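Engineer: Got a structure here, written out as structure tokens. Questions coming.
FYI, it's all coordinate maths here, none of it is from the lab. The model shown is predicted, which means the values in this text are computed figures rather than measured ones. Cβ sites come from the backbone with ideal geometry, for glycine too, and all protein chains shown count toward neighbours.
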Amino acid sequence: MTNPSLTSQEIVDLNREYTFFSWSVQNAVAPIPVTKAEGVYFWDADGKRYLDFSSQLMNLNIGHQHPTVIRAVQEQAASLCFAHPALATEPRGRLGQKIAQVTPGNLKKTFFCLGGAEANENAVKMARFYTGRHKILARYRSYHGATSGAIALTGDYRRLPAEPSMPGVVHFLDPYCYRCPFGWTKETCHRECIQHVEDIIQYEGPDYIAAIIMEGVTGSNGLIVPPDDYWPRVRALCDKYGILLISDEVMSGWGRTGKWFAVDHWNVVPDMITTAKGITSGYVPLGAVIVSDKIAGYFDDKMLWCGLTYSGHPLSCAAALATIQVYEEEGLIENAARMGEYLAQRLAEIKARQACVGDVRSIGLFAALEIVKDRASKAPADMVEVGKALRANGLFTFIFRNILFVVPPLCISAAQLDEGLAIIESVLQNRG
Ligand SMILES: Cc1ncc(COP(=O)(O)O)c(C=O)c1O
């Protein structure tokens, strides 16, 4: 339990001396010592309030400290904290059933794990078992987790220091319209990005490819919303070549885009959905691989070579059931769609006023501003000072390279969005 008598400096010092911080040169970290939170805000140990514009790590979808989820975890802890993964429990069974109801099409059966990377690693194993093939196609501008297998799927630069990692992964280019890798504009586009996927399938040999994995909407690599026909056409390619389609909805799932899952926008049913984050809103760890009834049936009489001590952890399953109850009872997914439209409008206005905003992209409450040195060259801006100024002004958000994210809890109001956007605009303006 946290010792409340520690000063903010003591909290930071202990954390820095005895624990590692992710993705950081350790001497460079300057963490906020967070001590309490509520709704869309959290406070540091000195009482400074921050507006949470990234739902912590794009996972705290229902907002901080929701009493329904706290109570569910407390009640589950009081009755059964843990059960061997080979035992059956009520929260695990009920959660599996609920997930089958909210996921699209024939997605039916869930393998539980603890986070997004584990979900993707287990999905890859299941795809390889089911198809008897070994190659996996993934995109360059993607993040699928940091464990050895998941980092191999990840296409961005975080993969490079970890190589060689899991063999058999081949990357392909993204439908990144602002910086089209094929040199087209929206007006001249012929969807070379989709032809490119088929070319890669042909070069790699369709009979060797188990699955294509893509984020429902690309998150940390720049909030890349694909053209409307992209997912359906990749689905058709997978059907043509007998390749499984995996939607990584770790970040884009659970209402973030204004629908349960991002693929729902395009009425696409993938063969598997991997997810984590918003499934429990981060209150306790949980990840999931949800597979079609056909894939589930394959394992009816064959061994599932997957296992984790904490698969189906009762506390996690109880938290997820309560989180889904909150999404439904409080209409948070509908709010994400409504507030998403408002946010898109406000971001377009900011872009019109601020020349350093090269592009704004959003779907639901999943949004980002791409900050450039100038619009003609699209040269990425340096964001170090922007990050510091936002934090000094009480706004907490995620910045990846030159991309500034707006991914608040789904319970946010228009007034709270305005509050954060005003801070962002003043910081962008003052940056010259
Ligand atoms: C799309 C996506 N997939 C997978 C992961 C990995 O999830 P975790 O950090 O829970 O392992 C993330 C994390 O940000 C993600 O955004």
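Engineer: Report the far tail of the P(r) of segment 50-114, meaning the percent of Cα-Cα pairs longer than 21 Å.
Structural biologist: 45
Engineer: May I pose another question? Pulled fully out, how much extra length does the chain show between Ala162 and Asp418, if you take 0.36 nm times their separation in residues and subtract their Cα-Cα distance?
Structural biologist: 88.1 nm
Engineer: Compute the label zone of Ala86 within segment 107-139: residues whose backbone N is under 18 Å from the point 7 Å along Cα-to-Cβ.
Structural biologist: Correct set: 112.
Engineer: Set the bar at 25 Å for Cα to Cα. Now go through Lys36/Lys351; Lys48/Lys351; Lys98/Lys294; Lys351/Lys378; Lys186/Lys388 and name every pair that lies beyond it.
Structural biologist: Long pairs (Cα-Cα over 25 Å): Lys36/Lys351; Lys48/Lys351; Lys186/Lys388.
Engineer: Going by average Cβ density within 10 Å per residue, which order do the peptides 57-63, 378-384 take, highest to lowest?
Structural biologist: 57-63, 378-384
Engineer: Can you tell me which of Ser165, Ser22, Ser377 moves the most in a GNM of the chain? Springs connect C-alpha atoms under 10 Å apart.
Structural biologist: Looking only at Ser165, Ser22, Ser377, the largest GNM fluctuation is found for Ser22.
Engineer: If the elastic network links every pair of Cα atoms under 10 Å, which of Ala45, Ala262, Ala337 fluctuates the most in the Gaussian network model of the chain?
Structural biologist: Its mean-square fluctuation being the largest, the pick is Ala45.
Engineer: Sticking with this one: At what distance in angstrom do the alpha carbon centres of segment 139-203 and segment 376-432 lie from each other?
Structural biologist: Centre-to-centre distance over Cα atoms comes out at 27 Å.
Engineer: Could you tell me which of Leu14, Leu173, Ala117 has its Cα farthest along the dipole of the chain towards the positive end, charges placed at Cβ (Lys, Arg +1; Asp, Glu -1), taken about the Cα centre?
Structural biologist: Value: Leu173.
Engineer: Ok, one more. Calculate how large, on average over all directions, the projected area of the Cα convex hull of the chain is; give the answer in nm² to one decimal.
Structural biologist: 21.1
Engineer: How high is the FRET efficiency between Glu75 and Val269 when r is their beta carbon distance and R₀ equals 45 Å, given to the nearest 0.05?
Structural biologist: Numbers: r = 35 Å, r/R0 = 0.77.
The pair Glu75/Val269 has a calculated efficiency of 0.85.
Engineer: Work out, step by step, the length gained on full extension between Leu304 and Phe20: first 0.36 nm times the residue separation, then minus their alpha carbon distance; give nm to one decimal. Can you show the working numbers first?
Structural biologist: Numbers: separation 284, 0.36 × 284 = 102.24 nm, distance 3.44 nm.
Net length gain for the segment: 98.8 nm.
Engineer: Can you list the aspartates and glutamates whose alpha carbon is less than 13 Å from that of Lys109, not counting same-chain residues fewer than 8 positions off?
Structural biologist: Filter leaves Asp271, Asp293, Asp300.
Engineer: Can you tell me how much longer the chain between Phe400 and Ala344 gets when fully stretched, taken as 0.36 nm per residue apart minus their C-alpha distance, in nm with one decimal? Kindly include the intermediate steps, with their values, before the conclusion.
Structural biologist: Numbers: separation 56, 0.36 × 56 = 20.16 nm, distance 1.98 nm.
Here the segment from Phe400 to Ala344 would lengthen by 18.2 nm.
Engineer: Right, something else. For a label point 7 Å from the Cα of Arg179 along Cα→C-beta, name the residues of segment 335-371 whose backbone N is under 20 Å from it.
Structural biologist: Counting only backbone N, you get 351, 355-363, 367-371.
Engineer: Place a label point 7 angstrom from the Cα of Asp374 along the Cα-to-Cβ direction, then list the residues of segment 333-367 whose backbone nitrogen is under 17 Å away.
Structural biologist: Taking a point 7 Å out along Cα→Cβ of Asp374, the residues of segment 333-367 whose backbone N falls under 17 Å are 354-359.
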